[in-house]
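The values are calculated or read from the model by the stated rules, or taken from the named source; none is laboratory data. These figures come from a predicted structure and were not determined experimentally. Here the Cβ positions follow ideal geometry from the backbone for every residue, glycine too, while neighbour counts run over all protein chains shown.
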Amino acid sequence: MKKTLLLLIIAATSMATTAQNSSSDWLGQLFSPEVVSSLDQSKVDYYLAADQLGYRIEDVAPKDISDLEDALSISPKNDNVPELTEAILEGEFHFMLYKFPVKNDDSLYYRIGDTGKILIIFSAQHTLKKIENQAHED
């Protein structure tokens, strides 16, 4: 367990250096600035890594995905977070700012409006493995 945590910290720290400026902005939206400043650096690093590696957007057109829940219907976690739009998903998207459930063992799939694209929210276990793999690559 300690080895896994160490790998998480190493991976997240290396990713954090490239995303530090924007990370504090979105973390400040997820938590209050006071909470962000009180977080242990390893927690901040974990949030940064999980936010970057915890989802993927794929174009699956012309596959019929109409039975999937629309990602644009998912609410933000806080009042200071804008409603989810296609523009946000194509720009600087932070899935942790929205009420997407994260399951331990199952990934979740959402269609993105009528774009022919899906948003995949990876399981916690899958995200953890991606973070560990990133640590081995660095």
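Below is a table of values for the structure above.
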quantity	calculated
Conditions (1) surrounded by 18 or more Cβ atoms within 10 Å (Cβ to Cβ); (2) at pLDDT below 90: number failed by I74	(2)
Filtered residue count, the range 93-113, keeping only those that are outside any helix (DSSP H, G or I) and touching a strand residue (DSSP E or B) at 6+ places or on another chain (Cβ under 9 Å)	14
Filtered residues of the range 30-59 (kept if closer than 19 Å to I112 by Cα, exposed (fewer than 14 other Cβ atoms within 10 Å of the Cβ) and without any contact (Cβ under 8 Å) to a residue 60 or more places away in the chain)	D59
Residue check, V60 at pLDDT 90 or above and within 15 Å of L128 (Cβ to Cβ)	no
Test: A19 is hydrophobic (A, V, I, L, M, F, W, C), within 22 Å of H126 (Cβ to Cβ), at pLDDT 90 or above and under 17 Å from the mean Cα position of the chain (by Cα)	no
Any hit, the range 52-70, residues being of a type in the set (K, R), assigned to a loop (DSSP other than H, G, I, E, B) and within 18 Å of G28 (Cα to Cα)	no
Qualifying position, being closer than 14 Å to A49 by Cα, of a type in the set (F, W, Y), surrounded by 15 or more Cβ atoms within 10 Å (Cβ to Cβ) and touching a Lys or Arg at 6+ places or on another chain (Cβ under 8 Å), among F122, F95	F122
